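The values are calculated or read from the model by the stated rules, or taken from the named source; none is laboratory data. What you see is a predicted model; the values in this text were computed from it and never measured. So basically every Cβ, Gly included, is an ideal-geometry build from the backbone, and we count neighbours across all protein chains shown. The area values use the complete protein model at the heavy-atom level, side chains included, leaving out ligands, DNA and RNA. Shrake-Rupley method; radii C 1.70, N 1.55, O 1.52, S 1.80 Å.
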Amino acid sequence: MNQIDLMGRVAVITGGAQGIGYAVAERFVASGAKVVLWDIDAPLLAQAKGALGAAASTAQVELTEAGAVAVATQAVLSAQGRIDILVNNAGITGGNAPTWELTPDAWRRTIDVNLVAPYLTCHAIVPAMIKQGYGRIVNVASVAGKEGNPNAPAYSASKAGVIGLTKSLGKELAKTGVLCNCITPAAAK
């Protein structure tokens, strides 16, 4: 595996207990970073921590709650002194149904997890990055946000929102030393 130089860097990875988030954590640890995994699934977090070792710490965080994200951010800053990288990876599909059949509750939960949560993490973490004059943010959207998938209206809309959020934030941060970008993967296991 190729390594990138992340020695001394601290990364927060949402949805880091499995899937893309966990794969990113593995790569970051192998490249010298300390990772902090935020996820709602406590058993998976414990498993990930065990596999990643001393370079990883975890916190069970409800990412859709501003207070929980603020507390988790302060905990990382207190323990590590900085946050250099934020990977907004947490996401849910939100159910499959035509737009007119998807329940309002399913719509709202998907938008909250996939779009509101990345906003909340950026809202909490970006000021610290600006203050230190360095930061890297990677928002994980989806090709569905660019194309729209049938029977996935909330997922598609939320991921399109992540793309728009990334474009706005990237322009806002252009002269701060904090860079923001977005990836749009297709289906992943």
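Key figures for this structure:
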item: Segment Q74-N151, length gained on full extension (0.36 nm per residue, minus Cα span); result: 23.9 nm
item: Highest-MSF residue in the chain out of N139, N89, N149 [GNM, Cα springs under 10 Å]; result: N149
item: GNM result for the chain, Cα springs below 10 Å: residue of A128, A174, A30 fluctuating most strongly; result: A174
item: Under 15 Å, Cβ to Cβ, from A174 - net charge with Lys/Arg +1 and Asp/Glu -1; result: +3
item: Accessible area in the full protein assembly, largest first, 1.4 Å probe, for R109, R9; result: R109, R9
item: Extent along principal axes [Cα atoms of the chain; Å; largest to smallest]; result: 49, 39, 36
item: Probe 1.4 Å - accessible area at E26, Å² to nearest ten; result: 90
item: Kirkwood Rh in Å, taken over all unlike Cα pairs in region 106-189; result: 13.2
item: Accessible surface of the chain [probe 1.4 Å, protein heavy atoms]: carbon and sulfur percent; result: 56
item: Dimensionless Rg/Rh of region 45-138 - Kirkwood Rh, Rg from C-alpha atoms; result: 1.05
item: Leading residue at positive end of dipole, the chain (Cβ point charges), from L6, Q47, G148; result: L6
item: Net charge dipole size for the chain [Lys, Arg +1 and Asp, Glu -1 on Cβ; Debye, nearest 20]; result: 540
item: Cα-derived Rg over Rh, computed across region 115-154 with Rh taken as Kirkwood radius; result: 1.16
item: Listed residues I83, I111, I92, most fluctuating in the chain (Gaussian network, C-alpha, under 10 Å); result: I92
item: Accessible area expressed per residue, region 31-180, with surrounding protein chains retained (probe 1.4 Å, Å²); result: 48
item: Degrees separating the helix 66-80 axis from the principal Cα axis of the chain, which is the longest one; result: 20
item: Extension reserve of the A187-H123 stretch, reckoned as 0.36 nm per residue once the Cα distance is removed; result: 20.2 nm
item: Inverse mean reciprocal Cα-Cα distance (Kirkwood Rh) of region 73-114, Å; result: 12.8
item: Of every Cα-Cα pair in region 1-58, the percent that sits beyond 20 Å; result: 14
item: Counted charge near Q47, where neighbours are those whose Cβ lies closer than 12 Å (Asp, Glu -1; Lys, Arg +1); result: -1
